[in-house]
1. Please enumerate the residues belonging to segment 6-21 that are of a type outside the set (Lys, Arg) and in contact (Cβ under 8 Å) with a residue 60 or more places away in the chain.
2. Using beta carbons and a limit of 7 Å, which pairs, at least six apart or on different chains, have the first residue in segment 154-174 and part of a loop (DSSP other than H, G, I, E, B) and the second one modelled with pLDDT under 90?
3. Could you pull out the residue among 213, 242 that is more than 28 Å from residue 160 (Cα to Cα) and either free of Cβ contacts under 8 Å to residues at least 60 places away in the same chain or surrounded by 14 or more Cβ atoms within 10 Å (Cβ to Cβ) (or both)?
4. Of 165, 118, which residue is among the hydroxyl-bearing types (Ser, Thr, Tyr) and crowded, with 18+ Cβ neighbours inside 10 Å?
5. Tell me which residues, restricted to segment 90-104, are farther than 19 Å from residue 13 by Cβ and in contact (Cβ under 8 Å) with a residue 12 or more places away in the chain.
6. Would you confirm, using the coordinates I've provided, whether residue 254 is over 30 Å from residue 3 (Cα atoms) and in a helix (DSSP H, G or I)?
7. I'm trying to understand the selection: among the residues of segment 80-109, which are of a type in the set (Gly, Ala, Ser), buried (at least 16 other Cβ atoms within 10 Å of the Cβ) and not in a helix (DSSP H, G or I)?
8. Is it the case that residue 224 is part of a helix (DSSP H, G or I), in contact with a helix residue (DSSP H, G or I) (Cβ under 8 Å, 6 or more places away or on another chain), modelled with pLDDT of 85 or more and crowded, with 21+ Cβ neighbours inside 10 Å?
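The values are calculated or read from the model by the stated rules, or taken from the named source; none is laboratory data. From a predicted model like this one, the values you see are computed outputs, not experimental measurements. Quick reminder, even Gly has a Cβ in these numbers, built from the backbone with ideal geometry, and neighbours come from all protein chains shown.
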Amino acid sequence: MNIDFQNVLLLTRKEMLDARRNRWFILYTAIFAGLSLALSWLGLSGLGGYGLSGFGRTTASMVNLVLLIVPLMGLTLGAVSLAGERERGTLLYILTQPVSRIEVLLGKFSGVGLSLLSALVLGFGLSGFLIAWHGGATRAGGYLALVGLTFLLALASLGLGMLISSALRKADTAVGVSLFAWLLLVFFGDLGVMGSSLTMKLSIEHLFALSLVNPLQVFKLSAIFILYGNLEIFGPVGLYAVRTYGAHLLPMLLGILMLWIVLAFGFSYLSFKKRGAL
């Protein structure tokens, strides 16, 4: 498979320019940045001493914000990336140019991915600047690790969104399916695992394995482990994970998130290769 990375770079730039004009992307960025600032401000004002309430407290608060907002951003923006251009007819024009489908998909994935990264950097950056300005510079490493982890979740969500987009013709339909997928992933988190354990009487091993199926749960496990160094907050399942995998737990969780990205992109390519601009 020959890939002309000059074509990929041109398509990446196009997607980044399109993202700047996308009102949904601008709205998502503003919401994420605003909520990030609000959480950091509440974290700072909640305690008298800033030393322990700075990055550590904000990092813990940001986990739930990321779980709600970032997958929604990745899924919906990915959903309109191909279906929107297919509906407008511009995708057919792009494919008539001397570019391959893998180059088109790589360009779109990298362009939207870098746009998502810029939104995350803005939100986390403003929040981090506010914390540092007030002297809460402790545990900054965990905060930076959360930024990288969030980017992996954004790419996994983007891959799933592009998989949806590659299979559908109309942008509205793709967005609707992506919203349903977002709700499914969010509610298949703690509530889904709890419900499954009650109805199916699953063992601790099976509960942990079930958690690894959902990229949002994998992100949550990784973030809590980075923040606290253990998973006691998850009860017996968390204790089982730490005792069983020990030092290999975090690399395994990160590997699963990366696997989600690779698989989502791979299936997106197969679907796009089969359907093309039709």
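1. Listed by number, the residues that qualify are 7, 8, 9, 10, 11, 12, 15, 16, 18, 19.
2. Cβ pairs passing all conditions: 168/83; 169/83; 169/86; 169/87; 170/83; 170/87.
3. The unique qualifying residue is 242.
4. Working: 118 fails: crowded, with 18+ Cβ neighbours inside 10 Å.
Going through 165, 118 in turn, the sole match is 165.
5. Within segment 90-104, 92 is the sole residue that qualifies.
6. Details: over 30 Å from residue 3 (Cα atoms): no; in a helix (DSSP H, G or I): yes.
No.
7. Filtering segment 80-109 down to residues of a type in the set (Gly, Ala, Ser) leaves 81, 83-84, 89, 100, 107.
If we keep only those that are buried (at least 16 other Cβ atoms within 10 Å of the Cβ) too, we end up with 81, 83-84, 100, 107.
Across segment 80-109, the qualifying residue is only 100.
8. no
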